[in-house]
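Take a look at the structure set out below.
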Amino acid sequence: MTGGTRGVTREEHLRRWSAAHGGTSASPLVRVWLDGVRRAASPLAAAGVPPSAVTVLGLVLGLAAVAPAAAQAQVGGRWALAVPVLLALAALADGLDGAVAVLGGTASRGGAVLDAVCDRAADAAGLAALWLLGAPALPVLLALGLGQMHEYARARAQAEGMTGPGAVTVSERPTRVAVAAMFALGCGVYPQAAATWAGVGAWAGSAAALVGLVQLLVAVRRRLSAQR
């Protein structure tokens with residue numbers, strides 16, 4: 001099998017994805033998602049598009065979500081309706097970059113680091129959008145800090161020898177994106193109650209982040225203890 005996309009079957013794509021994620025087995029839902037992403041990423045990989053370019057595009061789209069939130073906060077209107085669209089496109093790019101790397105045989109440690117950094121910045125942008133739309137600073141900072149701790153704990157555990165993600169928690173990145181997008185949508189649909197929607201979204205994000213961090217720490221402790 002060459003590094004290109006020609007002849008990369010669904011099973012081969014799953015095998016490469018698993019290898020790139022520490023041997024993690026894909027659940028049935030993840031398999032459906034990966035199959036769709038593989039189809040969308042195949043033309044990009046075949047054209048030789050660098051995975052890092054897709055990663056950076058996702059970051060740009062995520063950061064761009066702050067602009068309509070700021071516009072609604074300053075001039076009113078329903079600008080926040082654009083926030084979930086931009087966050088969804090950023091999330092799509094985040095899925096495509098890994099698929100392009102896997103299909104093209106160009107997955108690298110450097111690309112994984114770039115992806116992680118861009119993901120954290122995009123997470124912060126989603127929370128910044130809620131803050132601009134009226135969410136209190138406290139839940140925004142809690143959600144941001146706990147989310148960063150979640151990812152740091154996983155990375156540190158993997159550096160200590162843990163394979164795979166340890167646990168799939170309630171506050172993985174799709175949840176963070178969904179929470180920010182859903183409540184930003186509420187801000188756009190009901191601009192007169194934007195602060196309420198944004199505040200509830202920030203508190204929901206911080207609660208999910210706390211539960212997810214606890215889930216991960218418990219799983220990490222169990223996994224690392226078993227490997228001694």
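Among the residues in region 156-173, are any of a type in the set (K, R), over 17 Å from A67 (Cα atoms) and buried (at least 23 other Cβ atoms within 10 Å of the Cβ)?
no
Taking interchain pairs and intrachain pairs at least six residues apart, which have beta carbon atoms under 7 angstrom, with the first residue in region 37-61 and free of Cβ contacts under 8 Å to residues at least 40 places away in the same chain and the second charged (D, E, K, R) and open to solvent by 70 Å² or more (accessible area, probe 1.4 Å)?
none
Which residue is farthest from T9 (Cα to Cα), if the candidates are limited to region 41-59 and must be assigned to a loop (DSSP other than H, G, I, E, B) and not aliphatic (A, V, I, L, M)?
My answer is P50.
Within region 168-176, does at least one residue satisfy the condition of being in contact (Cβ under 8 Å) with a residue 60 or more places away in the chain, under 15 Å from the mean Cα position of the chain (by Cα) and not in a loop (DSSP other than H, G, I, E, B)?
Yes, region 168-176 contains a residue that is in contact (Cβ under 8 Å) with a residue 60 or more places away in the chain, under 15 Å from the mean Cα position of the chain (by Cα) and not in a loop (DSSP other than H, G, I, E, B).
Taking only region 74-90 into account, find how many residues are closer than 16 Å to L130 by Cα, open to solvent by 20 Å² or more (accessible area, probe 1.4 Å), assigned to a helix (DSSP H, G or I) and not β-branched (V, I, T).
Of the residues in that region, 7 qualify.
Could you check, for region 195-210, whether at least one of its residues is under 25 Å from P28 (Cα atoms) and out of contact with any strand residue (DSSP E or B) (no Cβ under 8 Å at 6 or more places or on another chain)?
yes
Determine which member of the set A121, A129, A67, A71 is under 15 Å from the mean Cα position of the chain (by Cα) and in a helix (DSSP H, G or I).
Matching residue, one of A121, A129, A67, A71: A121.
Does region 132-152 hold any residues that are open to solvent by 20 Å² or more (accessible area, probe 1.4 Å) and assigned to a helix (DSSP H, G or I), and which are they?
L132, A137, L138, L141, L142, L144, G145, L146, Q148, M149, E151, Y152
Looking at region 97-109 only, could you name the residues that are without any contact (Cβ under 8 Å) to a residue 24 or more places away in the chain and either closer than 30 Å to A143 by Cβ or part of a helix (DSSP H, G or I) (or both)?
Within region 97-109, just R109 meets the criteria.
Output the number of the condition that R176 fails; it satisfies all remaining conditions of (1) basic (K, R); (2) open to solvent by less than 40 Å² (accessible area, probe 1.4 Å); (3) within 12 Å of L130 (Cβ to Cβ).
(2)
Report, by residue number, each residue of region 60-112 that is of a type in the set (D, E, K, R) and more than 25 Å from V189 (Cβ to Cβ).
Answer for region 60-112, where residues must be of a type in the set (D, E, K, R) and more than 25 Å from V189 (Cβ to Cβ): D94, D97, R109.
Which of the residues belonging to region 1-44 are at pLDDT 70 or above, basic (K, R) and over 29 Å from E160 (Cα atoms)?
R10, R38, R39
Considering each of V100, V85 in turn, give the residue that is modelled with pLDDT of 95 or more and among the β-branched types (V, I, T).
V85
Restricting to region 194-217, what's the tally of residues that are farther than 18 Å from V66 by Cα and open to solvent by less than 30 Å² (accessible area, probe 1.4 Å)?
Matching residues across region 194-217 total 6.
Which one of the conditions (1) touching a helix residue (DSSP H, G or I) at 6+ places or on another chain (Cβ under 7 Å); (2) over 21 Å from A125 (Cβ atoms); (3) modelled with pLDDT under 95 does A153 fail to meet, given that it meets all the rest?
With (1) touching a helix residue (DSSP H, G or I) at 6+ places or on another chain (Cβ under 7 Å); (2) over 21 Å from A125 (Cβ atoms); (3) modelled with pLDDT under 95 applied to A153, the lone miss is (3).
The values are calculated or read from the model by the stated rules, or taken from the named source; none is laboratory data. Keep in mind that this is a model prediction, so the values were computed, not measured. Backbone-built Cβ (ideal geometry, glycine too); neighbour counts: all protein chains shown. All accessible areas refer to the heavy atoms of the entire protein, side chains included, with ligands and DNA or RNA removed. Shrake-Rupley method; radii C 1.70, N 1.55, O 1.52, S 1.80 Å.
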